[in-house]
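Working notes, structure below.
The values are calculated or read from the model by the stated rules, or taken from the named source; none is laboratory data. Keep in mind that what you see is a predicted model, and the values were worked out from it rather than measured. Cβ sites come from the backbone with ideal geometry, for glycine too, and all protein chains shown count toward neighbours.
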Amino acid sequence: MDTLVTSKGQVTIPKKVRDHLGIKPGTAVRFEPTADGRAVLTKVGPRKSSPRKRSRFAALRGTASVRMSTDEIMALTRGD
């Protein structure tokens with residue numbers, strides 16, 4: 001199966017190969033060069049490292065607990 005490389009160095013993995021390897025959006029893959037000039041595509045298994053840290057942005061996510069009207073918020077923002 002042939003495929004073209006884009007100007008950004010990207011390739012589309014043919015559907016038959018994706019289905020065979022169980023590759024879905026977000027799946028990590030590895031390209032390994034071989035001594036004879038070919039490359040082997042391998043689906044990377046789940047990482048065995050520690051659980052992912054919660055991002056600093058996720059820690060700030062939530063809802064406001066202050067009950068203010070838009071006019072009150074604008075007055076505070078403008079310094080009125």
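Within the range 15-23, identify whether any single residue is aliphatic (A, V, I, L, M) and not in a loop (DSSP other than H, G, I, E, B), and answer yes or no. Steps first, please.
Applying the first criterion (aliphatic (A, V, I, L, M)) to the range 15-23 yields 17, 21, 23.
Adding the requirement that they be not in a loop (DSSP other than H, G, I, E, B) leaves 17, 21.
The answer is yes, given that some residue of the range 15-23 is aliphatic (A, V, I, L, M) and not in a loop (DSSP other than H, G, I, E, B).
Looking only at the range 15-23, decide whether some residue is modelled with pLDDT of 90 or more, within 24 Å of the chain's Cα centre (by Cα) and more than 22 Å from D2 (Cβ to Cβ).
Quick first cut of the range 15-23, residues modelled with pLDDT of 90 or more only: 15-23.
From the residues that got through so far, the ones that are within 24 Å of the chain's Cα centre (by Cα) too are 15-23.
With more than 22 Å from D2 (Cβ to Cβ) added as a condition, the list becomes 22.
Yes, the range 15-23 has at least one match.
Kindly establish whether T70 is β-branched (V, I, T) and loosely packed, with under 10 Cβ neighbours inside 10 Å. First the steps, then the outcome.
On the way: β-branched (V, I, T): yes; loosely packed, with under 10 Cβ neighbours inside 10 Å: yes.
Yes.
Return yes when D80 is modelled with pLDDT under 85, loosely packed, with under 10 Cβ neighbours inside 10 Å and not small (G, A, S) and no when it is not.
Working: modelled with pLDDT under 85: yes; loosely packed, with under 10 Cβ neighbours inside 10 Å: yes; not small (G, A, S): yes.
Answer is yes for this residue.
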